[in-house]
Amino acid sequence: MDLNFDFAAEQPKLVQLLIGVVAFFAFIGLMLLLLDRAPMRQRARLHALILLGPALILLGIGLIIPGIRTTLLSFMNGDSSTWVGFENYSWMFTQPEALTVLRNTLIWVLVVPLLVTAIGLVYAVVVDNTRFESLAKSLVFLPMAISFVGAGIIWRFVYAYRPEEADQIGLLNQIVVFFGGTPQQWLLEPPVNTLFLIVVMVWIQAGFATVVLSAAIKGIPSEIVEAARLDGASPIQMFFRVTIPAIRPAVIVVVVTQCIGTLKLFDIVRTMTGGQFDTSVIANEMYNQSFRYGETGKGSALAVFLFVLVIPIVIYQIRNLRQQREAR
Amino acid sequence: MTATVTPTPQTSSPPPSTPQSRVRKRLTSRWASLIAIVIALLWTTPTFGLFLSSFRPEDQIKQTGWWTFFSDPVLTLENYQSVLFSTSSSSGQMASFLINSLVITIPSVLFPVALATFAAYALSWLDFRGRDWIYIGIFALQVVPLQMALVPLLSFFSQGVEIFGLTVLPAWDLEGPAKFIQVWFAHTCFALPVGVFLLHNFMSELPGSLIEAARVDGATHGKILRRIVLPLVLPALASFGIFQFLWVWNDLLVALIFAGGTPDSAPMTVRLAQMAGTRGNEWQRLTAGAFVSIIVPLAVFLSMQRYFVRGLLAGGIKG
């Protein structure tokens, strides 16, 4: 094995990093200098311009103009040379391969928020006020720090397949064999392979739900809990009659965030199956169409559709937030 | 270590009076601890399996499950050596990609934190026309999926801006290490909506009398920001910083498009995704490589979990 790793070859990158950091401090210095020089008045239009300008320019270049352009591109053909009207959209809703993508995304969006919330809620309740609560929560929370790519590899290892006569190296197939079954190639059989990918997402996100819901449970006024207990409520009754109604807003936050995150999901599918075997989802298909097949029109149409799907969820969330604020 | 999760009786609750209720209580708490243990095991075992495997010799990883380690313990560091430092292109060359990840991540955290701080200060404490509309606009931009921005932003970098054949901005034509600039740029743009929202939440909660008093004393906005606001919102900056760090370090999509796939500029996530695709059964490299990429965010996360949780509860989840 050749271990002559050449650190000298890495130097230009570190120089680039240094340039970036120096540029950062120069930027801060310049901003503060400008701020100190601008005359103080009650109406601070000049200061606002200095402070907001850089952020607004970047938002314009990085999000607003590209968003508009993508919308336009979705009405054009693959290399953006002619207008094609709604052709890309009719492709999306009629062609079998595109419909599979939409069906998979629908399964993801229905299953992930449900499982994440349910598991997070049950776990938060059962570890609440136990001696090992913080350790128990940390264990479930840890996957949140792991990249989707890393998690994809962890779970591919769990799903790993060896022929029946060989020793299994994947935990899942080992368990199947232990109980007398035959090992399966879990990621190759549609439509169940999508469920095996969903497991990975749930595994990553359950910690988020646990933390948010656990904080909400701790916020339930103790008088309510005491009153219910004195009335002789069983733990199960407590859970459904007291806990759930009291933390409803937090549950909604979790469900909404999970819906949005799941709609945009890309990394897990790309790492584990690459979207093959009928597992592709909108974000993955959008990447393939735009950056691999050169079909910018179709890719843009998928991106716009994603945007349209997210809007109602966010409006619902904003209305919900406003109601909470008024109730306070 | 998780097998000891048992609920302790609450000291504040009155002791169960009748024998039946005591039995029932113990039964449900037994079920509760069983559920807790099962979930905790399910959530830790996959990572533990990968971790253990990354230290096992290649032929053992490929032929036996990691649980056989307990009957036949053999450990080696060879996987890590090979995946990090070997120069043959079939192995990981992870050291290069690790450096790329660092070079990408550090400025991609610094710039959004600074820009969002400035913007959030203006939106919370300056008085100017259109302030609320600008804030609502930035808030609403959280909705735009970054998929919407990828194609046009890439062409902005590679072709510049042309309006009716007139070149307004030339192409950036970044080559070699300068390519990192476009990755920093993209990450900064995409982080701003959630960053401004989060920091505005914290900053607008500060007592207005504090800022008013400083202004009466003749302090400039630069001074107020530096001396008064910044020390008070430092925890909020920390939580946004950690979010952004984890997001950038773990990102695959933005890196794939703006950093490319070569050891010159691609981060570890891109390399791991490549290895999982082309060398999906080279488990000795995949396990070690994955663990190298996991260990950095895990360390940051564990040491600063408090700030992370606080940001999470304040709505700092990026869509």
Original post:
Are there any helices (runs of 4 or more DSSP H) wholly within region B:57-164 with 2 or more residues that are buried (at least 24 other Cβ atoms within 10 Å of the Cβ) and not small (G, A, S), and if so which?
Top reply: B:78-85, B:94-125, B:147-159
Original post:
So which of A:I57, A:I107, A:I61, A:I50 is under 27 Å from the mean Cα position of the chain (by Cα), more than 19 Å from B:M148 (Cα to Cα) and either more than 9 Å from every other protein chain (Cβ to nearest Cβ) or buried (at least 18 other Cβ atoms within 10 Å of the Cβ) (or both)?
Top reply: A:I107
Original post:
Can you spot a residue in region A:31-39 that is among the charged types (D, E, K, R) and surrounded by fewer than 15 Cβ atoms within 10 Å (Cβ to Cβ)?
Top reply: yes
Subject >> Hits in region A:86-117 - residues which are among the small types (G, A, S) and farther than 19 Å from A:T279 by Cβ >> reply: A:S90
Original post:
In region A:144-155, which residues are surrounded by 23 or more Cβ atoms within 10 Å (Cβ to Cβ) and at the interface with another protein chain (Cβ under 8 Å from one of its Cβ atoms)?
Top reply: A:A145, A:I146, A:S147, A:F148, A:V149, A:G150, A:G152, A:I153, A:I154, A:W155
Original post:
If you check B:L234, B:L210, B:L199, which single one turns out to be crowded, with 21+ Cβ neighbours inside 10 Å and part of a helix (DSSP H, G or I)?
Top reply: B:L199
Subject >> Residues satisfying the stated conditions in region A:134-175, i.e. touching a residue at least 60 places away in the same chain (Cβ under 8 Å) and over 27 Å from B:S33 (Cα atoms) >> reply: A:S147, A:F148, A:V149, A:G152, A:I153, A:R156
Original post:
Does any residue of region A:195-205 turn out to be more than 9 Å from chain B (Cβ to nearest Cβ), modelled with pLDDT of 85 or more and outside any helix (DSSP H, G or I)?
Top reply: no
Original post:
In region B:203-261, which residue that is β-branched (V, I, T) and within 20 Å of B:S293 (Cα to Cα) is farthest from the chain's Cα centre (by Cα)?
Top reply: B:I257
Subject >> Matching residues, region A:62-93, being free of Cβ contacts under 8 Å to residues at least 40 places away in the same chain, farther than 28 Å from A:Q258 by Cα and of a type in the set (V, I, T) >> reply: A:T82
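The values are calculated or read from the model by the stated rules, or taken from the named source; none is laboratory data. Computed from a prediction, not measured in an experiment: that's the story for all the values here. Using ideal geometry, Cβ is built from the backbone for each residue, glycine included, and neighbour counts are taken over all protein chains shown.
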